[in-house]
1. Out of B:Leu14, B:Leu92, B:Leu85, report the one residue that is out of contact with any Pro (no Cβ under 6 Å at 6 or more places or on another chain) and facing chain A (nearest Cβ under 7 Å).
2. Can we say B:Lys69 is charged (D, E, K, R) and either assigned by TED's automatic domain parsing to the domain that holds B:Pro142 or closer than 29 Å to B:Ile123 by Cα (or both)?
3. So is B:Pro142 under 30 Å from A:Ala44 (Cβ atoms) and free of Cβ contacts under 8 Å to residues at least 24 places away in the same chain or not?
4. Looking only at helices (runs of 4 or more DSSP H) that fall completely inside the range A:115-190, which ones have 3 or more residues that are at pLDDT 80 or above?
5. Return the total of residues in the range B:39-76 being within 9 Å of chain A (Cβ to nearest Cβ), open to solvent by 50 Å² or more (accessible area, probe 1.4 Å) and under 15 Å from A:Gly170 (Cα atoms).
6. If I go through the range A:400-417 residue by residue, how many of them are assigned to a helix (DSSP H, G or I) and more than 9 Å from chain B (Cβ to nearest Cβ)?
Amino acid sequence: MNDYIPVVFEVLSDPLNLLLLVGSLIAGIVVGALPGLTVTMALALLLPFTFSMPADTSLIAMGGLYIGGMFGGCISAILINTPGTPSAIATTFDGYPMARSGKSHQAIVTAVLASGIGGIIGALALLFLTPVLSSLSLAFGPPEYFWVAMLGLSMIATLSSGSMLKGLIGGCLGLLLGTIGIAPIGGESRFTFGLAPLVAGLELTVVLIAFFCIPEVLRIVENRVLGERIVYRREKGVVRQMWSRLIRRPFLLLRSSIIGVIVGIIPGAGGNVASIISYDAAVKFSKDKQAFGKGSYEGVAASESANNAEVGGSLVPLLSLGIPGAPPAAIMMGALMIHGITPGPGLFTSQAGLVYTFLWAFLLANVLLIVLGLYFSGPIGRIINIRMDVLIPVIIFLSTIGAFAIRNNFTDVVMMVIIGLGAYLLSKIGFHPAPIVLGLILGPIAEVGLTQSILIGQAKDHVFAFFFTRPVSVVLMVLCALSIAAPLADKWLRSRRGSGQRQGKEEAE
Amino acid sequence: MRLLNKDVISAFVLLAVSVVVYLETAGLNEMSAVFPRYIGLLLGALSVIYLVFSLLKPSAKGLWEGTNKGRLAAAAAGIAAYTGLIWLSGFLIASILMMFGFISLLGGRESRRPLRLLQAGAIAILVSGFFFVLFKYVFIVPLPAGILFGA
């Protein structure tokens, strides 16, 4: 690597490249903050502009946009309870309650610092651990993917803030929503009821907007809290305060970032899965579990550090194996191929200068993200800091334009309204969106894993052994069991402690 | 205590969904049917448990308790009408009308004063116009023009 440091320095000290890096980071933050506008879409829109750029410059611009976009999603998640990108789902759990209790600046600063630290850890992993981590993802076959999805689904036990039964039912509904359209292995169309737009399946972003925006709008209207507004006010000393709080929790940030990196390496699982798994781990390891979901900065830090670390992780299989770990990585693969560069095992030998330039630019972008995030989140936050009676139509408007812009399809807008109204009704009955969305995200991964495992198992004449006895599968199954048992055991222990205390009081009386 | 409460009705609806899933997957090949069928069966089993719990321990709170039904219906209808209006008159006009309508209706009586109405109109035009230009000309998203305008 040392041989390439002069090349790296030369490219990164070029004012044009630095300007592009800063510009793409800011653009990414803005795009990420707009609900419905995904990082993938922004990268795809940037792709044509990179044709005329040198390969390193185009990769720098795309990397900046990817990192900025991944962070930007947290701004709207915190201020209007609407994840700007799917990766910011878990940020809404505590970010919005923080904002509602007047701690929006604290929440944003926590998100900026955690995103930056997570991103830097992801970049370091990308830089130094690429060969080691890529060998880990090679050990994953269809049964492991199935168990990874099951591990994700087992988090319903943690995410079910009310009834676990309703959480499980919600998870099933999400899994079923994920099966609409053409079967990934069988190839037949399911649950389309003769409607052509359903054949391609439900667009995840449209469903996310529907579940997180429309019910929120209706909840605000029905609760008559139209005068309420999220006040984004800069407070003195918050950066120092949150920084000292976060560095006192090094394991929280490290654990979340490692989760983000590992999830990123596994192709198919994105930032949304990383943030949810990390959030779940933060709840399980926290001494103050009750604070989660009510405005805990640890929840925001766990989600944001994981989803930004996932960016680095998702690029590991792309650079080392030629397999994009996430949709934005696939667009970046396209950008490389446009310049005649084929990502894969030979990339480090044939284009080492380019790869190391990109890796160092990636690291620099995450450092810059902290500075730019602290500075630009304010103006963006102030744009969103408007009266609720003005904000409601703006949310409806952005949701609609976001739902439409994903596929330029008007049917998606209709779908968003129908699903959104249904989601509101479900939330009134007590079915919260998180388990449903979790099912929808993990369903396709689980289905492909299950069906492929059955096919391979049948070919080998032992489906059961193929499914249940592979070492990585066994580890994942144990983790699943622990993930389900931990919140149940915690609940049981708390109820015992509660009854013990009541009994003690009665005896004292 | 009412036997037919929101949870009991929901449990029956979920049971019906699981039956539909089972019937819909009956004619499919094994690889297309296996996953949704298992989920459907699981949903059916969970719905039965939900039904039993709902009958044994019915929820005391009604579905619409503490809800301003009129305002809720108006907002839901407004969102649906906005979708229809986009199809009819295109994105820009529909968005301006929706924003103006929502701001002036949700803001209460005070928002119907001439100055506030003017303010609402300005916000509607500026916000809709800004995002229309941003998406149509910067992000090159072909926003719907509406059937009234030949699209």
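1. B:Leu14
2. Taking the combined requirement at face value, the residue satisfies it.
3. yes
4. On the way: elements: A:130-138, A:142-153, A:156-159, A:164-178.
Counting at least 3 such residues, we get A:142-153, A:164-178.
5. 2
6. Number of matching residues: 7.
The values are calculated or read from the model by the stated rules, or taken from the named source; none is laboratory data. Just so we're clear, the structure is a prediction, and the values are computed from it rather than from any experiment. Note that each Cβ is placed from the backbone with ideal geometry, even for glycine, and that neighbours are counted across all protein chains shown. Each accessible area value is taken on the protein alone, full model and side chains, heavy atoms only, with ligands, DNA and RNA left out. Shrake-Rupley method; radii C 1.70, N 1.55, O 1.52, S 1.80 Å.
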